[in-house]
Amino acid sequence: MEAVVREARELVADGARELIVIAQDTANYGLDLYGERRLPALLRSLCEIDGVRWLRLLYTHPAHVSDELIAVFAEGGVLLPYVDLPVQHASDRVLERMGRGISGAGLREVIGRLRDGVPGIALRTSVIVGFPGEGEAEFAELLGFLREVQFDRLGAFVYSREEGTPAAALDGQVPSEVKEERLRLVMELQQDIADKASRALVGQEIDVVVDGRGADGEWAGRTVRDAPDVDGGIRFEEPKLRPGTFGRAVVTGSYGYDLTGRVIEEDA
């Protein structure tokens, strides 16, 4: 833990203001070193570093989300109300074949605890379509789950068969054209969910950061609900802004996964 905190301090000393904690499963942090999960303690230590404005958590296995971790998010501060919770699927049969260690009911329970404990938390996830054994019924379960849960952010991928992996030897391999069609259906559903959520933000104030100019020359950035490179963003109406500026913006419009806005308050 001391090494991670030291690296974070070095990044902040070099000018970083947003830190992102990433691992194959951040919730399991500490098991190999200390014999117990210590992610909550690590996050609290990172929150105490002077100069950190935003601290973001990615890749948190839903089976390992503890009440203590939720309590850390509820404390607020620089730890953003944003969690990447890769569910991969929602069908019990597919989840078991994937070796995920959690059921569809378990996923709903974790999501409920997060939303109850941290009102307004943004949940990102990822799902895989076309895993061996995913029939029409299992895929329908996934679609129904996504429609019910309404994730704020979602990435979807088709299963890719790789020789030498346990899944490659499973029966029930799904044809490529079926996988591509299922991917299309998932992304169409998520686009509708994202459009509705973006429109609901119009007129509201939200915390933002200015990243720089976009390809079209306009100033672009992100909200607290957007991780770099994987989520959407916000385009600003101002002709002059400074990269690295944190502040508040009022949302003036939405288009797809992105927003437009006007900065109303800048951090001194």
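The values are calculated or read from the model by the stated rules, or taken from the named source; none is laboratory data. Since this is a predicted model, take the numbers as computed values, not measurements. Reconstructed Cβ throughout: ideal geometry from the backbone, glycine too, with neighbour counts over all protein chains shown. Side chains included, ligands, DNA and RNA excluded: accessible areas come from the protein's heavy atoms. Shrake-Rupley method; radii C 1.70, N 1.55, O 1.52, S 1.80 Å.
Of the residues ASP152, ASP116, the single one that is open to solvent by 20 Å² or more (accessible area, probe 1.4 Å), without any contact (Cβ under 8 Å) to a residue 12 or more places away in the chain and closer than 28 Å to VAL65 by Cβ is ASP116. As a summary of the residue check, PHE139 satisfies the conditions (1) in contact (Cβ under 8 Å) with a residue 40 or more places away in the chain; (2) more than 30 Å from THR252 (Cβ to Cβ); (3) out of contact with any Leu (no Cβ under 9 Å at 6 or more places or on another chain) except for the one numbered (3).
May I ask you to verify whether VAL263 is of a type outside the set (Gly, Ala, Ser), open to solvent by less than 80 Å² (accessible area, probe 1.4 Å) and assigned to a strand (DSSP E or B)? Considered against the rule, which asks whether it is of a type outside the set (Gly, Ala, Ser), open to solvent by less than 80 Å² (accessible area, probe 1.4 Å) and assigned to a strand (DSSP E or B), VAL263 comes out as yes. Scanning the range 162-179 for residues that are touching a residue at least 24 places away in the same chain (Cβ under 8 Å) and outside any helix (DSSP H, G or I), we see that the one that is least open to solvent (accessible area, probe 1.4 Å) is VAL174.
Residues in the range 213-257 that are in contact with a helix residue (DSSP H, G or I) (Cβ under 9 Å, 6 or more places away or on another chain), open to solvent by 70 Å² or more (accessible area, probe 1.4 Å) and part of a strand (DSSP E or B): TYR255 only. For the range 67-86, the candidate set comprises residues that are modelled with pLDDT under 95 and out of contact with any helix residue (DSSP H, G or I) (no Cβ under 6 Å at 6 or more places or on another chain); within that set, the residue that is nearest to GLY155 (Cα to Cα) is GLY76. For the range 14-38, the set of residues classified as open to solvent by less than 90 Å² (accessible area, probe 1.4 Å), over 17 Å from PRO86 (Cα atoms) and either in contact with an Asp or Glu (Cβ under 7 Å, 6 or more places away or on another chain) or not in a loop (DSSP other than H, G, I, E, B) (or both) consists of GLU18, LEU19, GLY30, LEU31, TYR34, listed by residue number. Whether any residue in the range 7-24 is closer than 24 Å to GLY106 by Cβ and either β-branched (Val, Ile, Thr) or in contact with a Leu (Cβ under 8 Å, 6 or more places away or on another chain) (or both) is what I want to check. Checking the range 7-24: at least one residue is closer than 24 Å to GLY106 by Cβ and either β-branched (Val, Ile, Thr) or in contact with a Leu (Cβ under 8 Å, 6 or more places away or on another chain) (or both). For residues in the range 181-212 being exposed (fewer than 13 other Cβ atoms within 10 Å of the Cβ) and of a type in the set (Asp, Glu), which is farthest from GLY253 (Cα to Cα)? Looking at the filtered set, the residue picked out is GLU188. Assess whether GLY99 counts as being open to solvent by 50 Å² or more (accessible area, probe 1.4 Å), over 18 Å from LEU31 (Cβ atoms) and touching a helix residue (DSSP H, G or I) at 6+ places or on another chain (Cβ under 9 Å). So GLY99 does not fit the description; no.
Selection of the range 39-73 for residues being open to solvent by 40 Å² or more (accessible area, probe 1.4 Å) and part of a loop (DSSP other than H, G, I, E, B) yields GLU48, ASP50, ARG53, TYR59, SER66. Considering (1) open to solvent by less than 30 Å² (accessible area, probe 1.4 Å); (2) touching a helix residue (DSSP H, G or I) at 6+ places or on another chain (Cβ under 8 Å); (3) of a type outside the set (Asp, Glu), the lone condition that GLY135 does not fulfil carries the number (2). Against the conditions (1) assigned to a loop (DSSP other than H, G, I, E, B); (2) surrounded by 14 or more Cβ atoms within 10 Å (Cβ to Cβ), GLY76 satisfies every one except (2).
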